[in-house]
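**Student:** Have a look at this one.
The values are calculated or read from the model by the stated rules, or taken from the named source; none is laboratory data. Just so we're clear, the structure is a prediction, and the values are computed from it rather than from any experiment. Every residue, glycine as well, gets a Cβ built from its backbone with ideal geometry; the counts of neighbours run over all protein chains shown. Note: areas computed on protein heavy atoms with side chains; ligands, DNA, RNA excluded. Shrake-Rupley method; radii C 1.70, N 1.55, O 1.52, S 1.80 Å.
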Amino acid sequence: MMLKDKKIILGITGGIAAYKSCEIIRRLKKLGADVLVVMTENAKKFITPLTLETLSENEVVTEMFPERRFVGVRHVDLAGWVDLILIAPATANVVGKIRSGIADDILTTIVISSKAPVLIAPAMNVNMYENPIFQENLSYLEKLGYRFVEPEVGELASGIVGKGRLAEPETIVAEAVKLLTRKKDLEGKSILITASRTEEPLDPVRYLSNRSSGKMGYAIACEAYLRGAKVTLISGPSNLPPPLGLNFIQVKTAKEMLGAVRSAFRKADALIMAAAVSDFSVSVISKDKIKKGEEKILLQLKPTVDILKEMSKRKKDKVLVGFSLETEDEIKNAKKKMAEKNLDLIVVNNPDVPGAGFEVDTNQVTLIDKRGRAEKLPLLSKKEVASKILDKVSLLLRKKR
Ligand SMILES: Cc1cc2nc3c(=O)[nH]c(=O)nc-3n(C[C@H](O)[C@H](O)[C@H](O)COP(=O)(O)O)c2cc1C
């Protein structure tokens, strides 16, 4: 009974795979979950509420404004009651609506009103699945912290073979179990995370920067939040949307990042500096746009304040985690950096490994602890790398207690 006392809303939408939700209910119930089905009007064309009511042993919620009035505000009550919202199957339509913040039926209104994790299992025709608008919606929601169960490749209802078939009920339920039983080992801890790059202005239109996208830092922030931490994410410019549920602070320059870290550091139990902060800023920022001409231009740079080094002076019992990106002698240099900044853990990136480093969704890192022990991780998704880093941070925080 792994899901005993867990409250799940199973959202069912108008796709041909709606019949598979019966099997999902059956499996969730077998694990002890309390399952409440919320279905869209269109889902009722594919499967009857009676079947779902019988299997879930609960009333099936279908209407925003039922004739028999519910006392109270039902969507708000349900949004607060639930431990997990699972939408399976999810149509292209519902994914688009959630991404756009549309709340025009009871299911989407519960989703927008709830702080519970949302797990979405899309199912649709291959052309719908590959449609760039749908793909963009999916990736946007994923970056906000919504979870997805990838559909499978197989024969679709239309007879075409392609990607879009609902994942097996067994796989969907396994993902739900993973989310519901995940560790809450960072509960009560305040974690300060920096991410992305900084931009150092040269003149009103140009700046000096680097290629960091923020994907690694944002992944750590999302994972830490899901593990119960109170998260402050200080981010330089990034194309990623701010993840849900966090205290998000936007900065631009290294100086601004230093200021933001300084103010948030006192209340933090751990600082994870995943941002690629510029090591230099321009000595004199031109008030006007620097004109193009025949002559060479000499840019004078000055070093920026090393944020981690600065914070290490007021470290006390806080956990400090640094990132290191070296193109040569990476382990030796990382150990030196670690000693200089009194770090508890350093994450060494190697940008030369295919699939690692900036802009991509995967990373290959080596974790080095204070005693110099190095653990080289395989190429993993940034989400998985984030989880490994937080395992170490969690252990370090427990030791300091
Ligand atoms: C026979 C049939 C099968 C459909 N199957 C799917 C599907 O598998 N996935 C999907 O995204 N839309 C599918 N649609 C289209 C949706 O039903 C349509 O976009 C609808 O507006 C979805 O409403 P809902 O998201 O509110 O449930 C199907 C439509 C029909 C008529």
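**Student:** Can you find a residue in region 130-147 that is among the β-branched types (Val, Ile, Thr), more than 11 Å from the ligand (Cβ to nearest atom) and open to solvent by less than 40 Å² (accessible area, probe 1.4 Å)?
**Tutor:** no
**Student:** Looking only at residues that are under 13 Å from residue 60 (Cα atoms) and either part of a helix (DSSP H, G or I) or free of Cβ contacts under 8 Å to residues at least 24 places away in the same chain (or both) in region 23-45, which one is nearest to the ligand (Cβ to nearest atom)?
**Tutor:** 43
**Student:** Continuing with this model, one more query. Would you point out which residue out of 106, 98, 87, 102 is closer than 18 Å to residue 177 by Cα, under 27 Å from the mean Cα position of the chain (by Cα) and either open to solvent by 40 Å² or more (accessible area, probe 1.4 Å) or among the β-branched types (Val, Ile, Thr) (or both)?
**Tutor:** Result of the check over 106, 98, 87, 102: 87.
**Student:** If we keep just the residues of region 172-205 that are open to solvent by 60 Å² or more (accessible area, probe 1.4 Å) and of a type in the set (Val, Ile, Thr), which is modelled with the lowest pLDDT?
**Tutor:** 181
**Student:** Can you give me the number of residues within region 378-388 that are touching a Leu at 6+ places or on another chain (Cβ under 7 Å) and over 16 Å from residue 359 (Cβ atoms)?
**Tutor:** The number of residues fulfilling the criteria is 1.
**Student:** Would you pick out the residues in region 39-61 that are surrounded by 16 or more Cβ atoms within 10 Å (Cβ to Cβ) and touching a Ser or Thr at 6+ places or on another chain (Cβ under 8 Å)?
**Tutor:** Of everything in region 39-61, those that are surrounded by 16 or more Cβ atoms within 10 Å (Cβ to Cβ) and touching a Ser or Thr at 6+ places or on another chain (Cβ under 8 Å) turn out to be 39, 40, 42, 43, 44, 47, 49, 52.
**Student:** How about region 1-21: which of its residues are open to solvent by less than 30 Å² (accessible area, probe 1.4 Å), more than 11 Å from the ligand (Cβ to nearest atom) and of a type in the set (A, V, I, L, M, F, W, C)?
**Tutor:** Scanning region 1-21 gives 3, 8, 9, 10.
**Student:** Hey, among the residues in region 116-129 that are farther than 24 Å from residue 242 by Cβ and open to solvent by 10 Å² or more (accessible area, probe 1.4 Å), which one's nearest to the ligand (Cβ to nearest atom)?
**Tutor:** 124
**Student:** Here's something else I'd like to know. For a quick check of your reading: which strands (runs of 3 or more DSSP E) sit entirely within region 339-401 and have at least 2 residues that are surrounded by 13 or more Cβ atoms within 10 Å (Cβ to Cβ)?
**Tutor:** So the answer is 345-349, 365-369.
**Student:** Under 31 Å from the mean Cα position of the chain (by Cα), modelled with pLDDT of 95 or more, buried (at least 16 other Cβ atoms within 10 Å of the Cβ) and within 13 Å of the ligand (Cβ to nearest atom) - does that describe any residue in region 68-83?
**Tutor:** The answer is no; no qualifying residue exists.
**Student:** Right, another one. Among the candidates 39, 2, single out the residue that is hydrophobic (A, V, I, L, M, F, W, C) and outside the structural domain of residue 123 (by TED's automatic domain parsing).
**Tutor:** 2
**Student:** Quick check on my filter: what residues within region 86-115 are touching a residue at least 60 places away in the same chain (Cβ under 8 Å) and away from the ligand (no atom under 11 Å from the Cβ)?
**Tutor:** Once the filter is applied, which keeps residues that are touching a residue at least 60 places away in the same chain (Cβ under 8 Å) and away from the ligand (no atom under 11 Å from the Cβ), region 86-115 yields 86, 88, 110, 111, 115.
**Student:** Would you call residue 375 touching a helix residue (DSSP H, G or I) at 6+ places or on another chain (Cβ under 9 Å) and on the phi > 0 side of the Ramachandran plot?
**Tutor:** no
**Student:** Same structure again: With the condition kept exactly as written, say whether any residue in region 148-161 is in a helix (DSSP H, G or I) and surrounded by 15 or more Cβ atoms within 10 Å (Cβ to Cβ).
**Tutor:** No, region 148-161 contains no residue that is in a helix (DSSP H, G or I) and surrounded by 15 or more Cβ atoms within 10 Å (Cβ to Cβ).
**Student:** Here's a check for you: in region 162-171, which residue that is surrounded by 20 or more Cβ atoms within 10 Å (Cβ to Cβ) and assigned to a strand (DSSP E or B) is farthest from the ligand (Cβ to nearest atom)?
**Tutor:** Selected residue: 165.
**Student:** Here is a follow-up. Please go through region 241-263 and give me each residue that is among the hydrophobic types (A, V, I, L, M, F, W, C) and either open to solvent by 60 Å² or more (accessible area, probe 1.4 Å) or within 16 Å of residue 191 (Cβ to Cβ) (or both), ordered by number.
**Tutor:** 244, 246, 248, 249, 260, 261, listed by residue number.
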